Amino acid sequence: MSETETAILGWWRQTLRPEEDTAFARALRARLRRADSALEVLSEPGVQRLVRPDVLPFLRARPLELARLAQVLAGVEKHGTARLAQLLGAGDPPKLSPLRFQRLIRAPEAELATALRRALPMAGKTCNVAALGRDLLNWTDPERGEATRIGWCFDYFGAPRPEHAGEAREEETDA
């Protein structure tokens, strides 16, 4: 697991889903789920913990991605080993129809968080939090976005990912 993935999972476990659920965590999750704008998400102190120097400081330069990451992860109730696309494609018929999956992977950046938040209940609100966080950060990246979406296609259809599809590359942390 990369440093970025470790930081994302650690933040999710400490802030959104602590072992003993707290009133702070429940309230934060609710506010993030109800937020209508990136500004509402970014105004939450719990979200700002992600950009501390010891966590993911490079996200200060990527506020919309930070907001999307926090809002989507607020909908995940349980960390598991399977990636979200694997869970959505599981079953016969799949939990998320192929047409809806195609719309999800083609969703414009502004609609991505909403599309993922709507898909999460079909996966039982469970997935690999670190992988989902990594993929969210890579989704719109000019160099890694296409490989990330290709990886999701292979995951959805239960096939092994091509080498390096959607793999994390360490982020520059001195941004």
From Cα coordinates alone, what are the radius of gyration and Dmax values for the range 7-64 in angstrom? 11.4, 32
Excluding Gly145 itself, what net charge comes from residues whose Cβ is under 10 Å from its Cβ, given Lys and Arg +1 and Asp and Glu -1? -3
Quick one: net charge of Arg68's neighbours, Cβ under 12 Å, K/R +1, D/E -1? -2
When the convex hull of the C-alpha atoms of the range 3-156 is computed, what volume per residue in Å³ does it have? 106
For the chain, what does the helix formula give at 222 nm: sum of -39500 (n - 2.57) over DSSP H segments with n ≥ 4, over the residue count, nearest 500 deg cm²/dmol? -14000 deg cm²/dmol
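Every number here is computed from the coordinates shown, using simple stated rules; none is lab data. Just so it is clear, the model here is predicted, and its values are computed rather than measured. Cβ coordinates were reconstructed from backbone atoms using ideal geometry, including for glycine residues, and neighbour counts include every protein chain displayed.
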